[in-house]
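Each reported figure results from applying straightforward, stated rules to the coordinates on display, with no laboratory input. Please read all numbers here as calculations on a predicted model, not as lab measurements. All Cβ positions, even for glycine, are placed from backbone atoms using ideal geometry, and neighbour counts span all protein chains on display.
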Amino acid sequence: MLKKSIQYIYFDRIDSTNGWVRMHAHHLSKEHFTCVIAREQTAGKGRFKRVWISPRGENIYASLFFTLKATTPYISYMGQLMAYSCIESLRSALFPAYLKWPNDIFIEGKKVGGVLTESFFIENEIGILIGLGLNVDLQEEVLTKINQPATSLSRELGANKSGRSWLKAILERFYYLLTKLQCDSLPSFQESLKTFLSPPIKQNSENGGTSRDKNGILIPRLQPPSP
């Protein structure tokens with residue numbers, strides 16, 4: 001059974017929400033989800049330890065922690081499930097968001113958010129740590145400092161929804177999808193996930209059956225990682 005509530009821990013300023021959870025995971029309750037939120041991060045990291053620019057403001061810098069049984073078959077998809085939840089929430093507000101495999105969230109060829117997932121043993125269960133960064137109202141001068149095309153929700157559609165309101169909607173969607181995943185098969189989720197990838201061009205033998213999106217990014221087949 002899934003946990004039925006979320007405990008929120010707020011920080012005004014922190015080095016990294018993921019780092020804090022990693023350090024305190026063994027002391028957090030396994031009876032509910034824990035979400036750590038900060039208004040500003042001083043040492044936020046993305047995939048491959050890349051710097052995630054995290055200035056003070058109405059953006060989302062959050063980490064969700066919970067545990068699953070070690071035998072859970074879909075543990076390796078928790079990052080994609082969070083990205084899926086984020087994209088569904090954005091599309092419901094008319095943002096043309098899509099997933100750049102494996103966990104980056106894009107709008108019109110520009111990165112607006114990302115997910116970073118870790119897992120580790122907590123006694124006889126698996127601890128799941130999902131970091132979520134979403135540019136809700138990142139200022140233009142900050143966007144220009146990012147080393148790839150980037151955008152924010154306010155820049156795209158002038159959205160005035162607060163970061164916490166977006167986070168609440170995303171977490172509610174995540175909980176719903178995680179509950180649904182418990183009842184549905186993994187292949188069913190994999191098929192649903194494909195609808196959130198950027199449009200593929202066509203498959204060919206040169207790239208081993210993968211396809212490329214409109215930005216030329218390779219999209220691999222949706223297979224769980226090898227153990």
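Table for the structure above
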| quantity | calculated |
| --- | --- |
| Entries of LYS69/LYS168; LYS30/LYS111; LYS69/LYS161; LYS30/LYS110; LYS168/LYS194; LYS110/LYS161 with Cα pairs more than 31 Å apart | LYS30/LYS111; LYS69/LYS161; LYS30/LYS110 |
| Relative packing of 24-30, 148-154, which averages over residues the other C-beta atoms within 10 Å, highest first | 148-154, 24-30 |
| Pair GLU108, LEU94: separation of 7 Å Cα→Cβ label points (nm) | 1.3 |
| Amide H contacts of PHE11 (H built 1.01 Å from N, under 5 Å, at least 5 apart or other chain) | ILE37, ALA38, ARG39 |
